[in-house]
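Working notes, structure below.
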Amino acid sequence: MIQIREPSTYTYSNSHNRGEKTVNKAKDVIHDASAKIESSTTQLKGKMKQAKGKIKMDIGKMTDNPKLQAEGMADKAVGVAEEVKGKIQESIADVKHDLKK
């Protein structure tokens, strides 16, 4: 047996689907923005560690303290690695965003 629905049911159904699409699109935008913020934060942390390492290296040179110089070099290397990690995260987020289109 075939049931015939009221036209208002179709209207509700269509507007409901548009609402879901809008919500899903908003979730995607928020997710993309979150990924960008995370990658930018990681890059910034890396730059800060590099600066900290440079300061330690310079103080170590001025005070003739090889241990402090070595710590500074290590901090700077960790900072470079963290900045690269952030750039990779950003690239991955960009690719994911492009694939969704």
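The values are calculated or read from the model by the stated rules, or taken from the named source; none is laboratory data. Here the structure is a predicted model, which means the values were calculated and not measured. Quick reminder, even Gly has a Cβ in these numbers, built from the backbone with ideal geometry, and neighbours come from all protein chains shown.
Out of curiosity, is THR41 over 25 Å from GLY86 (Cβ atoms), of a type in the set (Ser, Thr, Tyr) and either part of a helix (DSSP H, G or I) or modelled with pLDDT under 80 (or both)? Considered against the rule, which asks whether it is over 25 Å from GLY86 (Cβ atoms), of a type in the set (Ser, Thr, Tyr) and either part of a helix (DSSP H, G or I) or modelled with pLDDT under 80 (or both), THR41 comes out as no. Filtered by the rule that a residue be hydrophobic (A, V, I, L, M, F, W, C) and surrounded by 15 or more Cβ atoms within 10 Å (Cβ to Cβ), the stretch 21-47 gives a lone residue, ALA35. Among GLY72, GLY79, GLY86, which is free of Cβ contacts under 8 Å to residues at least 24 places away in the same chain and either within 20 Å of THR41 (Cα to Cα) or buried (at least 17 other Cβ atoms within 10 Å of the Cβ) (or both)? Sole residue among the options that is free of Cβ contacts under 8 Å to residues at least 24 places away in the same chain and either within 20 Å of THR41 (Cα to Cα) or buried (at least 17 other Cβ atoms within 10 Å of the Cβ) (or both): GLY72.
Select from the stretch 48-67 the residues that are part of a helix (DSSP H, G or I) and surrounded by fewer than 16 Cβ atoms within 10 Å (Cβ to Cβ) and list them in ascending order. Listed by number, the residues that qualify are MET48, ALA51, LYS54, ILE55, ASP58, ILE59, LYS61, MET62, PRO66, LYS67.
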